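Take a look at the structure below.
The values are calculated or read from the model by the stated rules, or taken from the named source; none is laboratory data. The structure displayed is predicted, hence computed values, not measured ones. Here the Cβ is made from the backbone with ideal geometry for all residues, glycine too, and neighbour counts use every protein chain on show. All accessible areas refer to the heavy atoms of the entire protein, side chains included, with ligands and DNA or RNA removed. Shrake-Rupley method; radii C 1.70, N 1.55, O 1.52, S 1.80 Å.
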Amino acid sequence: MNLGHIFDLSLAGRPHAAALEFQGREFTFGEIDARASRMANALSARSFTQGDRVAVQLANCVEMIDLYLASTRLGVIFVPVNILYREREISHILHDAEPRLFVTAENIGELAREAEAASATRPWADLDGDSPAGIIYTSGTTGTSKGAVITHNNFASNAVNLAACWRIDSQDRFLLALPLFHVHALGNGLHTWLLSGCRMRLLERFEHQKAAAEFLDFAPTLFFGVPTIYVRLLETDPAIARRIGERMRLFVSGSAPLPAQVLEQFRALFGHTILERYGMTETQMNISNPYVGERRPGSVGFPLPGVSARILNDDQQPVPDGGTGELYLRGPNVFAGYWRRDDATRAAFHEGWFRTGDLATRSADGYYTLCGRRSDLIISGGFNIYPREIEEFLMEQPEIADAAVAARPDRVRGEVPVAWVVARSGPIDKEELAGRCRAQLASFKVPREFVVVDKLPRNAMGKVQKHLLA
Ligand code: MCA
Ligand code: AMP
């Protein structure tokens, strides 16, 4: 099967059921199906064929769903681009993925008009489950991001797992506020919606000032969030939180560690124990706390069905329960490799097991707990930041001789980036430097502070000792 067969459970199987709400507009599954066909025919008219790439940088909207469904129908590979990315970051992706078309807020109107005029007959490419469905860029340790090639089978196994293990069905009311350009909203959100045939309200983005009102108005039963969102929701008035909680069935958290204290405070306020799970772009969802049974604070639970997990030490030997090592994974969820990067793909696997780069420990009763990362990845509000990329940008600036970027803990965003810089000669105008960063880097990557130092602490190998920076 390919994703089309799975989506058809709702698109073709429940054509008259309410499917989607977006900014006051409502659509049935039949309408979503027809929109997808029209968009696919519009892409075909632009001579898109199987294997072509379409890059898309849009805020959440119905047209983005149309484009995604149209792509999976034609075998076109969908390349979502973070809405916060600036020219430098976008240019890297476009050069690497070589899409036939780059869809943005500027030209989506034109494409939508072509789709309105196109036929609603269904095009249907005969796709194998191993066909690529998406290339999702994820920041590599090299500083520039690499495209993770995700197949129909990868996405399908993830959706089937989540729908089954989290009991998502057509009775759910699903509030989706996460950005569709990431696996969290796309692979978990969109796919479980289409698989289950539930009703979804899509928001353009999560706005914490409006969140409680949105919950009250839509009365969802299901919600996916990153920890920053749950920290924001702790500001909800207790009586309102209780009302929201009464209607809810399941709150899920992932993409970054959920502090145990936030889980406890949230439980006291909303009357729900958030279900924490762990995933990666390259692997979709790997490990999840159980729907029925203990959702253990600080832990991410058990490997999902079909997913095999191993914790190995630096000599690639198994670590006994209670010990810490790097987590390796195998299963139908694991991606096909990095786009045009055989070297990076080879480096990411050991004897067929994917190296997550995450450090983990397993308890005697089988719960996995993440305990940090091998790399210096920073996660801010659920967005990943590789310090190397910011360091490279800073070193290109004429007034900077040396630079290092590291995380600072942040109550709301989890972590934020801070830069330590060495001047080439003369003073550094921090405001001006911050402005240049804002123009060239996604907002979440812009260092929250610049600390000017005489030199960076380096070890004998010349590597910056980041733990000494703060
Ligand atoms: C954030 N900002 C945005 C958006 N989200 N701008 C436009 N559109 C967006 N969708 C910018 C704001 O302009 C602001 O910039 C900063 O981010 C924080 O915004 P704020 O309103 O203060 O929001 P917040 O209350 O702090 O919440 C931020 C957020 C956002 C909404 C939680 O961080 C977010 O959407 N995170 C989810 C990311 C995600 O889905 N990650 C999954 C990747 P400024 O800083 O300049 O003020 S990981 C993944 O996919 C794996 C597989 C997994 O395990 O899930
Ligand atoms: P991404 O590359 O955006 O897919 O981010 C994947 C990374 O997010 C993982 O390698 C983890 O480091 C982190 N991550 C995802 N879920 C969790 C979680 N529940 N707890 C801690 N870290 C997480």
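In the chain, carbon and sulfur make up what percent of the accessible area (probe 1.4 Å)?
The C+S portion of the solvent-accessible surface of the chain is 50 percent.
If you average the sequence gap of Cα pairs under 8 Å that are 6 or more apart and divide by the length of the stretch 189-256, what percent do you get for the contact order?
Numbers: 48 pairs, mean separation 26.0, N = 68.
That works out to 38 percent.
When the Karplus curve 6.51 cos²θ - 1.76 cosθ + 1.60 is applied with θ = phi - 60°, which whole-Hz ³J(HN,Hα) does each residue of the stretch 297-310 get, with x for Gly and Pro?
x, x, 9, 9, x, 10, x, 5, x, x, 9, 9, 10, 9
In deg cm²/dmol, rounded to 500, what helix-only [θ] at 222 nm does the chain give when every DSSP H run of at least 4 residues adds -39500 (n - 2.57) and the total is split over its residues?
Here the helix-only value at 222 nm equals -9000 deg cm²/dmol.
Per Stokes-Einstein, at 37 °C and 0.692 mPa s, what whole-number D in µm² s⁻¹ belongs to the stretch 17-133, with the Kirkwood radius over Cα pairs as the hydrodynamic radius?
This corresponds to a translational diffusion coefficient of 224 µm²/s.
Along each principal axis of its Cα atoms, how long is the stretch 1-74 end to end? Whole angstroms, biggest number first, please.
32, 30, 18
Run the quick spin-label model on residue 392 and residue 101: label points 7 Å from Cα toward the beta carbon, then report their separation in nm to one decimal.
According to this spin-label approximation, the distance is 3.0 nm.
Which value, in debye to the nearest 20, gives the size of the charge dipole of the chain about its Cα centre, when Lys and Arg are +1 and Asp and Glu are -1 at the Cβ? Spell out each step's value before the answer.
Numbers: 51 positive and 55 negative charges, 122 e Å.
It works out to roughly 580 debye.
Stretch residue 448-residue 265 to full length: gain in nm at 0.36 nm per residue minus the Cα-Cα span?
Values: separation 183, 0.36 × 183 = 65.88 nm, distance 2.75 nm.
Gain in length upon complete extension: 63.1 nm.
Pull out the extension gain between residue 114 and residue 425, defined as 0.36 nm times the separation in residues minus the alpha carbon to alpha carbon distance; nm, one decimal.
Numbers: separation 311, 0.36 × 311 = 111.96 nm, distance 5.59 nm.
Between residue 114 and residue 425, full extension yields 106.4 nm more.
Which length gain, in nm to one decimal place, applies between residue 312 and residue 235 when the Cα-Cα distance is subtracted from 0.36 nm times their residue separation?
My answer for the length gained is 23.7 nm.
Among the trypsin sites (Lys or Arg not before Pro) in the stretch 36-110, which ones are in a DSSP loop with at most 13 other Cβ atoms within 10 Å of the Cβ? Mind listing them?
46
Report relative contact order for the chain in percent, whole number only (criteria: Cα-Cα under 8 Å, sequence separation at least 6).
12
Quick check: pseudo-label points 7 Å beyond the Cα along Cα→Cβ at residue 401 and residue 210, how many nm apart are they?
Each label point is offset 7 Å from its Cα along the Cβ direction, giving 5.0 nm.
What does the convex hull of the alpha-carbon atoms of the chain project to on average, in nm²?
That works out to 22.6 nm².
Evaluate the distance, in nm, between pseudo-label points positioned 7 Å from the Cα of residue 88 and of residue 128 along their respective Cα→Cβ axes.
For the pair residue 88/residue 128, the computed spacing is 4.1 nm.
How big is D for the stretch 424-470, in µm² s⁻¹ as a whole number, if Stokes-Einstein is applied with the Kirkwood radius of its Cα pairs at 4 °C and 1.567 mPa s?
102
State in Å² the accessible area per residue of the chain; use a 1.4 Å probe, count heavy atoms of protein chains only, and round to the nearest integer.
41
Report relative contact order for the stretch 101-184 in percent, whole number only (criteria: Cα-Cα under 8 Å, sequence separation at least 6).
In percent, rounded to a whole number, it is 19.
Among the chymotrypsin sites (Phe, Trp or Tyr not before Pro) within the stretch 165-247, which fall in a DSSP loop and have no more than 13 other Cβ atoms within 10 Å of their own Cβ?
none
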